[in-house]
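Reviewing the structure listed below.
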Amino acid sequence: LFAHVFQPGRGAERTFVAVKPDALQRRLLGDIVRRFERKGFRLVAMKLVQASEDLLSEHYFALRDRPFYNHLVKYMSSGPVVAMVWQGLDVVKTARAMIGETNPADSRPGTIRGDFCIEVGKNVIHGSDSIESARREISLWFREDELICWEDHAEHWIHE
Ligand code: IDP
């Protein structure tokens, strides 16, 4: 009985995911979005963005001193990315598991990077690494009114 009582906050966690320019060029967008959809997560926001260097320098602020930083910003601004917000129980951690390791060579088959790419410099997708990063990245890439609150008719078939 109590399993069906509405618990505010449960399943309300959100993460930021970006499908990178190589994935768009390689027509992998649909396959990638499909995995999060079929898992049961709820799409809260999505847009095609030509990311500016300013946006990317904020997004990758923590990596500014790494040797690959300039290459990374060039890669991420080499074409459009699809920015998304996904919602659901433990979505930050689960999305990272679905994405795989930073280096595709360390990513197991069945993960997005394990299935779709080979090199760390062309690793097709980004996903927030913590709840705090997710909050920061969502507010960096989206305005509040771009996050859509919609009635999910599958909610009770997905969450207990
Ligand atoms: P993550 O994307 O798995 O969270 P981070 O360490 O935050 O990994 O690195 C951000 C992005 O920087 C990676 O996804 C990848 O595109 C790029 N990157 C990381 N390490 C290297 C590297 O050694 N060479 C080139 N690009 C790298």
Task: Heavy-atom accessible surface of the chain: percent carbon and sulfur, 1.4 Å - done: 53
- [ ] Return the single residue from H71, H59, H126 with maximal mean-square fluctuation; model: Gaussian network over the chain, springs between Cα atoms under 10 Å.
- [x] H71
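Find how much the distance from M46 to C149 grows on full extension, using 0.36 nm per residue of separation minus their present alpha carbon separation; answer in nm with one decimal. If you can, show how the numbers build up before the last one.
Working: separation 103, 0.36 × 103 = 37.08 nm, distance 1.27 nm.
Full extension from M46 to C149 adds 35.8 nm.
Given the -39500 (n - 2.57) contribution per DSSP H run of 4+ residues, what per-residue ellipticity at 222 nm results for the chain, rounded to the nearest 500 deg cm²/dmol?
-9500 deg cm²/dmol, from helical runs alone.
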Open item on the list: Just to be sure I understand the curve: with the Debye formula and one point per C-alpha of the chain, what is log10 I(q)/I(0) at q = 0.09, 0.10, 0.19, 0.20 Å⁻¹?
Closed with: -0.30, -0.37, -1.27, -1.40
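From the Cα gyration tensor of the range 66-137, with a ≥ b ≥ c the square roots of its eigenvalues, which class applies: rounded if a/c is under 1.5, or else prolate if a/b is larger than b/c, or else oblate? Could the numbers behind the result be given before it?
On the way: a/c = 1.79, a/b = 1.18, b/c = 1.51.
Taking the square roots of the gyration eigenvalues as a ≥ b ≥ c, the range 66-137 is oblate.
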TODO: Find how many whole Å separate the alpha carbon centroid of the range 25-58 from the alpha carbon centroid of the range 82-160.
DONE: 8
Open item on the list: Tell me the relative contact order for the range 22-82 as a rounded percent, counting alpha carbon contacts under 8 Å between residues six or more apart.
Closed with: 44
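Antiparallel DSSP bridges in the chain: what percent, to the nearest 5? Write out the running numbers ahead of the final one.
Numbers: 16 of 17 bridges.
Of those bridges, close to 95 percent are antiparallel.
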Task: Mean separation of Cα contacts under 8 Å, 6 or more apart, over the residue count of the range 79-160: relative contact order % - done: 24
Open item on the list: I'd like the GluC sites (Glu not before Pro) in the range 49-139 restricted to DSSP loop residues with at most 13 other Cβ atoms within 10 Å, sorted by number.
Closed with: E119
TODO: List the relative contact order of the chain as a percent without decimals, with contacts defined as Cα pairs under 8 Å and 6+ residues apart.
DONE: 34
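If F68, F142 are ordered by their accessible area, calculated over protein heavy atoms with a 1.4 Å probe, which sequence runs from highest to lowest? Kindly include the intermediate steps, with their values, before the conclusion.
Details: F68 85, F142 15 Å².
Ranked list, largest accessible area first: F68, F142.
The values are calculated or read from the model by the stated rules, or taken from the named source; none is laboratory data. Here the structure is a predicted model, which means the values were calculated and not measured. All Cβ positions, even for glycine, are placed from backbone atoms using ideal geometry, and neighbour counts span all protein chains on display. The protein model used for the area step is the full one, side chains on, heavy atoms only, and it has no ligands, DNA or RNA in it. Shrake-Rupley method; radii C 1.70, N 1.55, O 1.52, S 1.80 Å.
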